[in-house]
Amino acid sequence: MDHVELATDEVLKRDIPWETYMTTKLITGTCLQLLRRYDNRSESYRAQLLDDDGPAYVRVFVSILRDIFKEETVEYVLALIDEMLTGNPKRARLFHDKSLSSEDTYEPFLRLLWKGNWFIQEKSCKILASIVSARPKPQHGNLANGEASNSKNKLTTIDDVLKGLVEWLCAQLKKPSHPSRGIPTAINCLAALLKEPVVRSSFVQADGVKLLVPLISPASTQQSIQLLYETCLCVWLLSYYEPAIEYLATSRALPRLIDVVRSSTKEKVVRVVVLTLRNLLSKGTFGAQMVDLGLPQIVQSLKAQAWSDEDLLEALNQLEESLKDNIKKLSSFDKYKQEVLLGHLDWSPMHKDPIFWRENITNFEENDFQILRVLITILDTSSDPRALAVACFDLSQFIQHHPAGRIIVTDLKAKERVMKLMIHENAEVTKNALLCIQRLFLGAKYASFLQA
């Protein structure tokens, strides 16, 4: 069977020649007794053995992985440990039992990450992440297993383990050992470990942040949605760490996150992206970029959807408020842009300020005339007479102040939309629609004369 496609249940059906290993002194008599009691038993029977004597079995498994290198046996023992931890994740604490304080419980798994076939690598990664996450935090100078500092045999320290794991995870993201499972396995493990300060700093130093960015893209299948969710979870955890934020700022992470939140219908994906955006908003130029990328409109659209998660609704409200607060600090054109993108048009002073239009007219060309396009969309979609009137007025100002204003507005198909508003029931709307049409047909000079 191809090792890449080994299945755990197939591996667990193997008969391992434990007696032969004892004869050659690779395992002790006590080991053999414990293995005979445990091997080929039902899950419930094994569970009872682990409840009664868990640390002893952990000692046996670790010693086999340390002393025996036959691939079939290594795979079998890893499958046993994986089954044990899958049945009850709290059993990972057994690896930190005081009776094992002289055992180097980490070393075999760390070594096997690099030495084995994919089955061995994947199981070692998963088991190592579980053991690391379950370790007791040092208290009053006590050291958890694997952290002994003065023993004769130098044990693998937790920092060694975390750095070694990060190195392997980054290698998987660059060049996966398995074509379809390498990257998801690495991301799943990272999502569990990035809470650790050492992992965050090692990951950033290894230039790992840029390896996540290509994985932030809208997903449709169940597998790809889970990978996207766990990738975004990694970015969220990194959004609490300043050096990682600097990397995110220089990558295409933000536009990709906004693409995902705009198109995703999966609640957990939307929630983790919204929480990430909320964290990033106040950092550097992220706030201004979010406005440029149309996030205020997207937040409004998301708020209108029926989410069941209260944390998500609260985060959306906080993000909306933070975006508004951010706008107050922006330049006059940034404020104008925010007003347009939110669709909250009102007669604020800048609309009728000739200096504003003269100084900012070229800014309207940004992102392929994004602001003009949004103004025209407002004409189609808004039911607020004030917003319709202001949008018509602003279009007329653009025509007046931009050298190619008439041509650009005509090309963007604004004329038909404005003409419909000339028969609007609201007088303010019809007045500004008429002004816009006059400037569109007659040019700024004649329209100004007529208006006078």
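The values are calculated or read from the model by the stated rules, or taken from the named source; none is laboratory data. Please read these numbers as outputs of a predicted model, since none were measured by experiment. No Cβ is skipped: glycine too gets one built from the backbone with ideal geometry, and neighbour counts run over all protein chains shown. Ligands, DNA and RNA are stripped out before the accessible areas are found, and what is left, the full protein with its side chains, is counted by its heavy atoms. Shrake-Rupley method; radii C 1.70, N 1.55, O 1.52, S 1.80 Å.
Remarks
- A search for C-beta distances below 8 Å between a residue of the range 27-41 that is among the basic types (Lys, Arg) and any residue that is surrounded by 13 or more Cβ atoms within 10 Å (Cβ to Cβ) and in a helix (DSSP H, G or I), counting only pairs 6+ apart in sequence or on different chains, returns Arg36/Trp18; Arg37/Leu49; Arg41/Leu49.
- Enumeration of residues in the range 171-187 that are in contact with a helix residue (DSSP H, G or I) (Cβ under 6 Å, 6 or more places away or on another chain) and farther than 16 Å from Thr221 by Cβ: Gln172, Leu173, Pro176, Ser177, His178, Gly182, Thr185, Ala186
- Hey, Ser251 surrounded by fewer than 20 Cβ atoms within 10 Å (Cβ to Cβ), assigned to a helix (DSSP H, G or I) and small (Gly, Ala, Ser) or not: no
- Helices (runs of 4 or more DSSP H) enclosed by the range 325-443 - at least 2 residues per element that are charged (D, E, K, R) and more than 28 Å from Met290 (Cα to Cα): 414-421, 427-442
- Taking every residue in the range 404-432 that is touching a residue at least 12 places away in the same chain (Cβ under 8 Å) and pairing it with any residue that is of a type in the set (Ser, Thr, Tyr) and open to solvent by 70 Å² or more (accessible area, probe 1.4 Å), at least 6 positions away or on another chain, yields no pair with a Cβ-Cβ distance below 7 Å.
- Within the range 166-177, residues that are more than 11 Å from Cys189 (Cβ to Cβ) sit with their Cβ atoms under 7 Å from residues that are of a type in the set (A, V, I, L, M) and surrounded by fewer than 18 Cβ atoms within 10 Å (Cβ to Cβ), at 6+ positions apart or across chains, in these pairs: Glu167/Ala206; Cys170/Ala206.
- Criterion applied to Ser308, Ser348 was being modelled with pLDDT of 90 or more, surrounded by fewer than 17 Cβ atoms within 10 Å (Cβ to Cβ) and of a type in the set (Gly, Ala, Ser), and the one residue passing it is Ser308.
- Residue within the range 288-300 that is farther than 25 Å from Val374 by Cβ and either open to solvent by 50 Å² or more (accessible area, probe 1.4 Å) or among the polar types (S, T, N, Q) (or both) present: no
- Odd one out for Pro176, checked against (1) part of a loop (DSSP other than H, G, I, E, B); (2) at pLDDT 95 or above; (3) touching a His at 6+ places or on another chain (Cβ under 6 Å): (3)
- Check on Ile399, touching a residue at least 12 places away in the same chain (Cβ under 8 Å) and either within 24 Å of Gln300 (Cα to Cα) or in contact with a strand residue (DSSP E or B) (Cβ under 9 Å, 6 or more places away or on another chain) (or both): no
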